[in-house]
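Contents: one structure, followed by commentary.
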Amino acid sequence: MKNVSVSQLKYHWRVYLFVVPSLCLLLTFAYFPAMGAIYYSFFNWDGGFVKEFIGFGNYVRALGDPYVRHGYYVVAILVFANLFKMIPSIAAAVVIHRLKSTRSGYFYRVLFVIPMIIPGIVMILIWKYFFDPNFGILNEFLEFTGLMDALIALDGAFGWGVFLADSAPAWLSRPELIIPALIIWGFPWVGTIGVLIYLSGLSGISDDIYDAAKVDGAGPLRTFFSVELPLILTQVRINLILMIIGTIKEYGLTLVLLGHTGGPGGVGLVPGLYMFRRAFYDKETEMGYACSLGIIMFLIILALTFVNQKFVRVDK
């Protein structure tokens, strides 16, 4: 990147004035609240006038908080599950990319853009209805396909006590089913943004590479593993980072599906939801402690992103 000299800055200063409004908005609404969170994390602060400096007391408390440990345990399970949930998006992108008709490819791209218009809260509410034990589509689907009988048989063999013949499983009310429900959410797990990112990588693959693969006798499956997948690993890496960040930060899903407690026994209480609860929902709000939870979350995301950048290498 070419450096800008002082003389050039003096000559083009009017152009740089256009950056000032955006910079001011960024500093005001992004960096200033973040700096405020760091500052208040060292205080016993209720969000009002009660403020007492306690140093690293909030951080020490967070490290020993069982709710925090449980929250990151749930997040670890969801991150592991989301690794496998990335596969359908890759498969969908490859199928759309291989369509011979340009019009069909454009049509399916539009289909993946349309869901982005729908507010996320609407999708979560629809899935909350899906999980309803009496009228939900999930239980109806299990009954229709016969999978419910298989689950009841497995329950009888392993003694789970969850899938019973005389009652429908309550996915959001039974502690044993809350984590599976959070994993099932979003089925078939074809994320719109993920598919579009993969398609951008696939569109950059030259036709000459495909022609060379055909000459070598590569079929559709070998072409995917030998040509397409290696050449979109950069996009896979980007989606991996976005997935980890989103999974750790996300709490709106659990808040709508399970409430501010995270479901019965707090089974689904993720760190973001616990931070929200301590800051706004509990009778004795602890904004300072909530800030420290947010800073810990930020440091964990930063560390995982660094590990991804350092050790997850893409060699084409």
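No value in this document is a laboratory result; all are computed from the given coordinates. All figures in this text were calculated on a predicted structure; none of them were measured in a lab. All Cβ positions, even for glycine, are placed from backbone atoms using ideal geometry, and neighbour counts span all protein chains on display.
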Sorting R69, R103, R61 on the 10 Å Cβ count, fewest up front, what's the list?
-> R103, R69, R61
Ranked on Cβ counts within 10 Å of their own Cβ, fewest leading, S173, S101, S292, S41 go S101, S173, S41, S292
Summing +1 per Lys or Arg and -1 per Asp or Glu among the other residues with Cβ less than 11 Å from D149's Cβ gives -2
Okay, helix-only estimate at 222 nm for the chain: each DSSP H run of n ≥ 4 adds -39500 (n - 2.57), divide by all residues, round to 500 deg cm²/dmol; what do you get?
-> -18500 deg cm²/dmol
Charge sum, other residues only, whose C-beta stays under 12 Å from L257's C-beta, Lys/Arg counted +1 and Asp/Glu -1 | -1
Which value, in debye to the nearest 20, describes the size of the charge dipole of the chain about its Cα centre when Lys and Arg Cβ atoms bear +1, Asp and Glu Cβ atoms bear -1, and nothing else is charged?
-> 1340
In the Gaussian network model of the chain, springs joining C-alpha atoms below 10 Å, which of P133, P119, P88 carries the largest mean-square fluctuation?
-> P119
Sum of side-chain charges, V270 neighbourhood, beta-carbon under 15 Å (Lys, Arg +1; Asp, Glu -1) = +2
Segment R237-L221, extension gain: residue separation times 0.36 nm, minus the distance between their alpha carbons = 3.6 nm
If you wrap a convex hull around the C-alpha atoms of the chain and split its volume per residue, what is the figure in Å³?
-> 237
At 0.36 nm per residue, minus the direct Cα-Cα distance, what do F187 and Y281 gain on full extension? Give it in nm, one decimal, please.
-> 30.8 nm
For all pairs of alpha-carbon atoms in segment 80-155, what percent lies in each bin of width 5 Å, listed from the first bin to the last filled one?
-> 3, 12, 11, 14, 18, 18, 13, 8, 3, 1
For Q309 and S203, FRET efficiency with R0 = 35 Å and r from the beta-carbon atoms, rounded to 0.05?
-> 0.90
Apply the membrane-span-like helix rule to the chain: whole DSSP H runs, Cα extent along the own long axis of at least 18 Å, mean Kyte-Doolittle hydropathy at least -1.0. List the helices found.
-> 66-85, 233-249, 287-311
Footprinting proxy, F131, F144: sorted fewest to most Cβ within 10 Å, the residues are F144, F131
Give the value in nm², to one decimal: projected area of the alpha carbon convex hull of segment 134-248, averaged over all directions.
-> 10.9
